[in-house]
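Notes to accompany the following structure.
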Amino acid sequence: MGDLYRFGISLEKPLIDSFDRHIEGLSYKSRSEAIRDLIREELVRKQCTEGGTVAGAIVMTYDHHKRELVNLLLDIQHDFQTTIISTQHVHLDHHHCLEILAVKGRASDVETLANTLKVQVGVKHLSLSISSATE
Ligand code: NI
């Protein structure tokens, strides 16, 4: 972390009381840390909407017995070889696989990849978690 910059914020009392109760439930050690996270989340959201570079993970489960599904998922991943930086495959049970794809690239490419994988028949669940690629 760089040099700290301190500034004051004026808020209505009910709003800050409600925020304090909220962050207490999340076990934040300080209001500053909670506000820092809110700012970071907002900046990542901005990167996504403006087509900036993001990093993140796609987590999905699928039934590998579904006809041709594994080949199809591999073909899609090869089409996004510059976006996918790492993959991990776990055999969950006789039928199901868990795959974690670490991704980095244009937000639109990451979202297209996630959506393309998600709609394939046999993919049981897919979630995309986006983080900042820069800070
Ligand atoms: Ni497997």
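Only the coordinates and a few stated rules stand behind these numbers; no lab work does. Everything numeric in this text was worked out from a predicted model, so none of it was measured. Cβ sites come from the backbone with ideal geometry, for glycine too, and all protein chains shown count toward neighbours.
If I model a spin label at ARG36 and THR112 as a point 7 Å from the Cα along the Cα→Cβ vector, what separation in nanometres do I get?
The modelled label-to-label distance comes out at 3.6 nm.
Let me know the charge dipole size of the chain about its Cα centre in debye, to the nearest 20, where only the beta-carbon of Lys, Arg (+1) and Asp, Glu (-1) is charged.
Working: 15 positive and 19 negative charges, 25 e Å.
So the dipole magnitude of the chain works out to roughly 120 debye.
Would you mind checking the radius of gyration and Dmax of segment 53-132 based on alpha-carbon positions, in Å?
11.9, 37
Please work out the C-alpha center-to-center distance from segment 12-45 to segment 58-135 and express it in whole Å.
That distance is 32 Å.
With angles folded into 0 to 90 degrees, how steeply does helix 13-25 sit against the dominant principal axis of the chain? Use alpha carbons for both and round to 10.
It works out to around 50 degrees.
Over the Cα atoms of segment 16-95, what radius of gyration and what Dmax do you get, in Å?
19.5, 55
Counting each DSSP H run of 4 or more residues in the chain as -39500 (n - 2.57), what helix-only mean residue ellipticity at 222 nm follows after dividing by all residues, to the nearest 500 deg cm²/dmol?
-13000 deg cm²/dmol
Rule-of-thumb check for the chain: C-alpha Rg over 2.2 N^0.38 Å?
1.37
With the dipole of the chain worked out from charges on the C-beta (+1 for Lys and Arg, -1 for Asp and Glu) around the Cα centre, which of THR49, PRO14, ALA114 lies farthest toward the positive end?
Most positive-ward Cα: PRO14.
Compute the length gained on full extension between HIS22 and THR49: take 0.36 nm times their separation in residues and subtract their Cα-Cα distance, giving the result in nm to one decimal.
7.0 nm
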